[in-house]
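Reading through the structure tokens given below for one structure.
The values are calculated or read from the model by the stated rules, or taken from the named source; none is laboratory data. Every value quoted in this text rests on a predicted model; they were computed, and no experiment measured them. Every residue, glycine among them, receives a Cβ derived from its backbone with ideal geometry; neighbour counts consider all protein chains shown.
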Amino acid sequence: MSTRMAGDTFYSTLTGDGDTARNYREGNWAKGQYDADALAKKFGLDRSKEGRGDGHIWGMNPDGTETYLGYADFGLASNSELIKAHARQMNPEEVNHSSSGEDLSSHGDIKGALLNLWNAGAGTGTPETVAYEYSDKVAKAKAGKAAFEETILPYQGDYIMGRKTTNPADDYLSNYKLKLEDYKKPRDISQIDGPVNNPQEEEAAVAGFGDDGSTASDLDCDRDRDRYYS
């Protein structure tokens, strides 16, 4: 079920004398025995279509988000468990329906009783972290740059002098594929080193490297080595 942000509001920071602030602050709400799914199953709440207004129950999580608990039919006013739950969270001016033997008298009574029985846990409505990705072109360019700087640049002399006997093109491509796989992974915005929505600047930062990861000069170490020994 979806959630709605309510800002960085925690129960302990809620102020005012209203029932909502008081009940969250004092632990009368969101500290019960049922999570959202169990509560809906227990009392037949309809969670298929979110709404606001009478009958629609929203609970606030400890992290300040909201969780939709479902629509409560007014027929629940006669439920004995809810009548008892209402008495545990009512304000002194309300009718104690439990001691008077009466049904609950409003949607608000039902809401208060359900919130008394609901357990928010650690905050099931925490928004998901948004993942960002480099564009395909930028990912390839960055992978090419990283592979060149790691595989070729430090060892140009070794390739030319024959101290490295492996094929530099094969070494480069193997590293490039690994780098490309990494640069294509979703990542947190803090791991994006440039404006996400402005790939031109990212491309400028890796200018000189083509879409296939090759450098602008198309360095051919085999050719340079042959030329050196000729």
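Here are a few things to note about the model shown:
- When ASP193, ASP218 are checked against the criterion of being at positive phi, surrounded by fewer than 11 Cβ atoms within 10 Å (Cβ to Cβ) and either at pLDDT below 90 or assigned to a loop (DSSP other than H, G, I, E, B) (or both), ASP218 stands alone in meeting it.
- Residue under evaluation TYR71, criteria (1) under 25 Å from ARG25 (Cβ atoms); (2) in contact with a strand residue (DSSP E or B) (Cβ under 6 Å, 6 or more places away or on another chain); (3) not acidic (Asp, Glu), criterion not met: (1)
- Here LYS179 meets the list (1) modelled with pLDDT of 90 or more; (2) in a loop (DSSP other than H, G, I, E, B); (3) of a type outside the set (S, T, N, Q) almost entirely, failing just condition (2).
- Lone unmet requirement of (1) outside any helix (DSSP H, G or I); (2) under 40 Å from the mean Cα position of the chain (by Cα) for THR166: (2)
- Strands (runs of 3 or more DSSP E) contained entirely in the stretch 1-112, each with at least 1 residues that are modelled with pLDDT of 95 or more and surrounded by 15 or more Cβ atoms within 10 Å (Cβ to Cβ): 56-60, 65-71
- Close pairs from the stretch 95-117: first touching a residue at least 60 places away in the same chain (Cβ under 8 Å) and of a type in the set (Val, Ile, Thr), partner outside any helix (DSSP H, G or I) and crowded, with 21+ Cβ neighbours inside 10 Å, Cβ under 6 Å, at least 6 apart: none
- In the stretch 143-182, the residues that are touching a residue at least 60 places away in the same chain (Cβ under 8 Å), surrounded by 15 or more Cβ atoms within 10 Å (Cβ to Cβ) and farther than 26 Å from GLU133 by Cα: ILE152, GLN156, TYR159, ILE160
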